[in-house]
Amino acid sequence: MDDYAHVPGALDDVSNAHNSDAYRGPGEEPETVTQLKPPLGSEYRHEEVRKQGWTDRVAIKYDEVARKDDYEWAGGASRYEWCGEEGDIGPRNEELEEQLFKNINLARVGHRIKEYEKITVMFESEERIYPTASWEAAKIHPVLVENLELCLYRHPTPIQCYVIPSVLSGKDIIGIAQTGSGKTGAFLIPILSQLMGKAKKLAASRPNVTDPNFDLKTQGVCAEPLVLIVCPTRELATQIFDEARRLCYRSMLRPCVVYGGAPTKYQRDELRKGCDILIGTTGRITDFMSQPNVLSLRRVRYTVIDEADEMLQSDWEDEFKKIMSGGDVNEDEDHRYLMFSATFNKECRKLAREYLSTDHIRIRVGRPGSSHLNVSQIVHFVEDRAKKRAVFDLLLSMVPIRTLIFANSKTTVDYLDDYLYNSGLPTTSIHSDRTQREREDAIRSFKIAECPILIATGVTARGLDIANVMHVINYDLPSTAHGGITEYVHRIGRTARIGNEGIATSFYNERNEDLGPDLVKILMECKQTVPDFLEHFTPSEGKLTFDDDETDNEDNKENNNEENNENGEVGQEEEGDNNAATTEDATYAEYAPWAPPEEAPENTAW
């Protein structure tokens, strides 16, 4: 056992506590798995780790992190500071460009991005809106196009092709697309493009923070953002902030991020320097909403809800309602609401319609809740008591790659982190009981591959986009009572993003029987191998049906039926009902792979 604990309250190394017959498939003899495997003693484990080529471990001393007065919070990252004398667009800043666009740890588009072209796109709108094929065809602001090129984003992804012209049309939007498909860009690009040419006219006055004589106490202002972006987790908020920093480069649009755990004063000071794009979690946003001298939402033109199905859950209800309808939020007709997620079940769609205009557009790339073929999904049968040895063997059976491991409880995360670290592997971990400094430190260490193995609870299951995550391991599969197949899809979506490839390995046993049927359907849908111990969950005749595989047309018909029945009227399904025909004629729904529509006008540049 090592001399110090890697995590707070570290547990003893109990590597010899495993029963050898646990790591096997049902009905498999223990000897077929355990023969030729030496005892997992500490010295043996360290030697095997060194042979495999993993980097040296880094001792994270949390007490020292907590005492640092000059800690660099993620929300305080450098952004382009506009000078009032420069006009709408400022000069280049080569040092900042290096930080924003040339970092080797930035996510890059992978060689399998073309796989997205095979995905069916469904578009529902009362008016026909043609998708765009390029930034130029979409008439994106020239400076934003330059920033996209610096990001190496050459062409829009399918969700971006449809969302960009839809946002520019001035409609509320529900956007549903698979994990890693470019949803953040889908809402940021058209919104920022529209605001870049109008910022001087629309934005509130703010001080020139580049002035050496700038004094926050006397010159600070109330933040009056034009865009409000709400998301469920701190890590996702800072990630969207990073993308906004890149896309706002050289413009007068100033992004800020607020989230729990970080010092309120620090974030308040950033807001008082001026804020045009506000990204945050619900708790901290509502805190600042209660301080009208710090934050006013009266100028907001766009409210974006990321991971919307999560935000519509009852856990977030009070704060979400306050943000959507409380305070001094702008109620003008030009205020647009946009909701995005990879999973969006029927109940969430009903709730979403309470906040969106009746003529909102719904864009769906692939089936809601689906994964994609770029993730190779593998399921092993492993008893709980053998999981530690199994995950160690799995990590050593592959070349060292950036790996994200999910467990269902904070205790298990700490336990597994301590075990793997004391086995010689370079690990770090994150969960909701960690201080925000510890969480940010863990994410930063994982991003730069100082600790290329991150062990986490579901706090990182949604939205986290870290370059070169090649392997996701479900040490524990999520139970149906806590996210189920929805969380599974989000977890494995941390790899194989924007056209890259990745592997998702899951440990399954009898405790996961409730997830079995849905897991098999996902494997079959993605053309993955269904292991023998899951074959009994295969649907009869191989026919796949999914609860959330429905259109808004169907939801609207059901709602109309309910309203008609309450009023004593005939339902739509009965013969002679004119309302059904009206709905059918008014809504244009296109089911087609992402490809140039035959009737598209020439100016769409297909």
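The values are calculated or read from the model by the stated rules, or taken from the named source; none is laboratory data. All figures in this text were calculated on a predicted structure; none of them were measured in a lab. Reconstructed Cβ throughout: ideal geometry from the backbone, glycine too, with neighbour counts over all protein chains shown.
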Test: residue in segment 148-159 that is closer than 19 Å to residue 366 by Cα, in contact with a strand residue (DSSP E or B) (Cβ under 7 Å, 6 or more places away or on another chain) and touching a residue at least 24 places away in the same chain (Cβ under 8 Å): yes
Test: residue in segment 343-355 that is more than 22 Å from residue 166 (Cα to Cα), among the basic types (Lys, Arg) and modelled with pLDDT of 80 or more: no
Residues that are modelled with pLDDT of 90 or more and loosely packed, with under 10 Cβ neighbours inside 10 Å, drawn from segment 54-96: 91, 94, 95
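Within segment 415-436, can you find the residues that are assigned to a helix (DSSP H, G or I) and either on the phi > 0 side of the Ramachandran plot or basic (Lys, Arg) (or both)?
Looking only at segment 415-436, we keep the residues that are assigned to a helix (DSSP H, G or I), and these are 415-422, 436.
Within segment 415-436, none qualify.
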Qualifying residue in segment 510-525 (condition: in a loop (DSSP other than H, G, I, E, B), surrounded by 16 or more Cβ atoms within 10 Å (Cβ to Cβ) and touching a residue at least 24 places away in the same chain (Cβ under 8 Å)): no
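Restricting to segment 282-296, and then to whatever is β-branched (Val, Ile, Thr) and assigned to a helix (DSSP H, G or I), can you tell me which residue is nearest to residue 206 (Cα to Cα)?
Restricting attention to segment 282-296, the residues satisfying the condition of being β-branched (Val, Ile, Thr) are 282, 285-286, 294.
From what is left, the residues that are assigned to a helix (DSSP H, G or I) are 282, 285-286.
Working: 282: 25, 285: 20, 286: 22 Å.
Looking at the filtered set, the residue picked out is 285.
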Out of 217, 171, 200, sole residue that is without any contact (Cβ under 8 Å) to a residue 40 or more places away in the chain and among the charged types (D, E, K, R): 217
Residue 190 vs. criteria surrounded by 19 or more Cβ atoms within 10 Å (Cβ to Cβ) and touching a Phe, Trp or Tyr at 6+ places or on another chain (Cβ under 8 Å): no
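Please specify each residue of segment 396-424 satisfying the condition of being of a type in the set (A, V, I, L, M), in contact (Cβ under 8 Å) with a residue 60 or more places away in the chain and buried (at least 21 other Cβ atoms within 10 Å of the Cβ).
First, pick out the residues of segment 396-424 that are of a type in the set (A, V, I, L, M): 396, 398-399, 401, 404-405, 407, 413, 416, 420.
Add one more test, that the residue is in contact (Cβ under 8 Å) with a residue 60 or more places away in the chain, and what stays is 396, 398-399, 401, 404-405, 407.
Listed by number, the residues that qualify are 404, 405, 407.
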Yes/no for residue 279 being in the same structural domain as residue 339 (by TED's automatic domain parsing), in contact with a helix residue (DSSP H, G or I) (Cβ under 8 Å, 6 or more places away or on another chain) and at pLDDT 95 or above: yes
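Test residue 452 against the stated conditions and say whether it is buried (at least 21 other Cβ atoms within 10 Å of the Cβ) and under 16 Å from residue 379 (Cα atoms). Even if it seems obvious, please write down each step before you answer.
Values: buried (at least 21 other Cβ atoms within 10 Å of the Cβ): yes; under 16 Å from residue 379 (Cα atoms): no.
Against the criterion (buried (at least 21 other Cβ atoms within 10 Å of the Cβ) and under 16 Å from residue 379 (Cα atoms)), residue 452 does not qualify.
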Residues that are in a loop (DSSP other than H, G, I, E, B) and under 17 Å from the mean Cα position of the chain (by Cα), drawn from segment 241-279: 259
Criterion (modelled with pLDDT of 90 or more, in contact with a strand residue (DSSP E or B) (Cβ under 9 Å, 6 or more places away or on another chain), surrounded by 21 or more Cβ atoms within 10 Å (Cβ to Cβ) and not small (Gly, Ala, Ser)) met by exactly one of 427, 460: 427
Selection from segment 468-497 of residues that are outside any helix (DSSP H, G or I) and out of contact with any helix residue (DSSP H, G or I) (no Cβ under 7 Å at 6 or more places or on another chain): 468, 469, 470, 471, 493, 494, 495, 496, 497
Identity of the residue in segment 384-414, in a loop (DSSP other than H, G, I, E, B) and aliphatic (A, V, I, L, M), that ends up modelled with the highest pLDDT: 407
